[in-house]
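> Once you've had a glance at the structure underneath, I'll fire off some questions.
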Amino acid sequence: MEKLPYEKPYIKKLHGGVMNKFGGRSGVQPVKSIDGVLVRTLIENYGSPVFVLSEKQIRKNYRSAYRAFSTRYPKVQFAWSYKTNYLKAVCQIFHQEGSWAEVVSGFEYQKAIGNGIPGNKIIFNGPGKSNDELKTAIENDSLIHIDHFEELNQLLALSEELANKPRVAIRVNMDTGVYPLWDRFGFNYENGEAWTALSKVVDSGKLQLVGLHCHIGTYMLTTDAYGIAANKLCALAFNCQTQLNHKIDYIDMGGGFPSTNTLKGAYLPGQDTVPSVDDFAEVITSTLLNFGFANEDLPTLILESGRVLIDDAGYLLGSVIANKRLSAGKKALIVDFGVNILFTSFWYEHQVSPAQDFMPHTENMAIYGPLCMNIDVIRESINLPLLNPGDHVVVHKVGAYNMTQWMQFITLRPAVVLIDEQQRTHLIRSNETLAYIEEQELVPTHLKNTK
């Protein structure tokens, strides 16, 4: 019998964590494939690093969220938040599922039009809309959410020039018991600003007031705040109907629902602490249904969800560059992707998994990217097995915001790949090249000759 190779003994620290119905959680597990496609194959075909999105998970998330609301309330419409991830292929998945488009700039508005979305199914939010952008939105019969009195006056002036009567809503900010208040956007409820804006819109006779909108925060960990917000918007809608003799067609509750990522500094993992979409749906819909509207006067409920629908459908695959020891003796792992393309590493303690088998010994370490910047920290502390240069890793739940807030800084941005429901891979954004980056650059003639 062949003698087994010697392996030195080791001590493994056990992390019990929160128990679930199956008992305690196991340790680090390799993630060798995504939706049946090998990580190794994805990197061989598309390079390292590379973003990967699961179409199957995106559709599953959307259908689950729509079901959570539509089984509780008779009139529900989702509008995909373009700023969360505005890659064409991603937007088209949501639009195929029945989602409208919610945009916050002229740039995003043009992307929605380019995706074939009818103007009357585009919600135009944001505090900085130009005259030309507003004219386009009015001509396309889009829903314009007014952010401030300057914009209201802007629309009143434009309405004199155009044949179409602008369809508008006002954005309302309010105290929902979550601090600091999100009062930068919209008209305040408590000081009467929102009611003044509503009265001005209706009295003008120049605008079609069709809705009320709020977006009370981001990564919200309490459902109660949405109940308070929904109640205040219902009160405004009811007062519009009774005092201004004007019926509100829809109430837009915005987004802000969290994914199950773990926030930096959190005591427990996100998957154990964040409310589910069903929890949010129950609070919002019960508030609307119980407020006192007649059945025929119930407003349509619009949701502008983003993060919760796509975060867990995104992965970042990368490779190990090197191992080193810091001055205090702590191990550090250097990988080929940095905070320039993984912006959410400033917010989350992302799960990072090896993509191949490994020895059972684990060690606490930091993970750094390749940027020549001290802030390029993917994880400050994580327990992982020993990984060698060339080994691959998978970062989980990166589908939201990373592909809209990423930066071409020091390194080129990588490809993005979609795995469809038949486990086929599609390149939906190519790797950047130097030629692409320099395409917009111009060099004055006197600087073209270098001695």
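No value in this document is a laboratory result; all are computed from the given coordinates. Quantities reported herein were computed from a predicted structural model and do not represent experimental measurements. Please note: Cβ atoms are built from the backbone with ideal geometry, for glycine as well, and neighbour counts cover all protein chains shown.
> Taking the highest mean first, how do the peptides 379-388, 217-226, 250-259 order by number of other beta carbon atoms within 10 angstrom per residue?
Packing order, densest peptide first, comes out as 250-259, 217-226, 379-388.
> Moving on. May I ask you to derive the relative contact order of the chain, considering only C-alpha pairs under 8 Å and at least 6 residues apart, and to give it as an integer percent?
Details: 877 pairs, mean separation 83.8, N = 451.
Result for the chain is 19 percent.
> Positive end of the charge dipole of the chain (Lys, Arg +1 and Asp, Glu -1 on Cβ, about the Cα centre): tell me which of MET407, PRO360, LEU209 has its Cα farthest that way.
PRO360
> Right, next: Report, by chain and number, residues whose modeled amide H sits under 5 Å from the one on HIS350, excluding near sequence neighbours (fewer than 5 apart, same chain).
Long-range HN contacts for HIS350: none found.
> Follow-up. Pull up all non-local amide H partners of HIS215: gap of 5 or more, or a different chain, and H-to-H distance under 5 Å with H placed in the peptide plane.
Amide H neighbours of HIS215, under 5 Å, 5+ apart: VAL172.
> Give me the Kirkwood hydrodynamic radius of the chain in Å, from all C-alpha pairs, to one decimal place? Each step should come with its number before you reach the end.
Working: mean 1/r = 0.0410 Å⁻¹.
Over the chain, the inverse of the mean reciprocal pair distance is 24.4 Å.
> Return the whole-Å distance between the Cα centroid of the stretch 43-77 and the Cα centroid of the stretch 331-356.
Taking the Cα centre of each part, the stretch 43-77 and the stretch 331-356 sit 23 Å apart.
> Could you tell me which of the pairs LYS32/LYS121; LYS32/LYS330; LYS60/LYS165; LYS135/LYS247; LYS88/LYS448; LYS330/LYS397 are separated by over 29 angstrom between their Cα atoms in the structure shown?
From LYS32/LYS121; LYS32/LYS330; LYS60/LYS165; LYS135/LYS247; LYS88/LYS448; LYS330/LYS397, over 29 Å: LYS32/LYS121; LYS60/LYS165; LYS88/LYS448.
> Residue by residue through the stretch 241-249, which ³J(HN,Hα) values in whole Hz follow from phi under the Karplus form 6.51 cos²θ - 1.76 cosθ + 1.60 (θ = phi - 60°), with glycine and proline marked x?
5, 8, 9, 9, 6, 9, 8, 8, 6
> Oh, and also: With a cut-off of 8 Å between alpha carbons and a minimum separation of six or more residues, what is the relative contact order of the stretch 126-303 in percent?
Working: 283 pairs, mean separation 32.0, N = 178.
Contact order relative to length: 18 percent.
> Would you please give the residues with an amide H less than 5 Å from that of TRP100, counting only those at least 5 places away or on a separate chain, with H modeled from the backbone geometry?
PHE78, ALA79, TRP80
> At each listed q (0.12, 0.22 Å⁻¹), what is the log10 of I(q)/I(0) that the Debye formula gives for the stretch 193-271 modelled as equal alpha-carbon point scatterers?
Values, matching the q order: -0.46, -0.99.
> Which percent of the Cα-Cα distances in the stretch 126-303 go past 24 Å?
Counting every Cα pair in the stretch 126-303, those more than 24 Å apart make up 40 percent.
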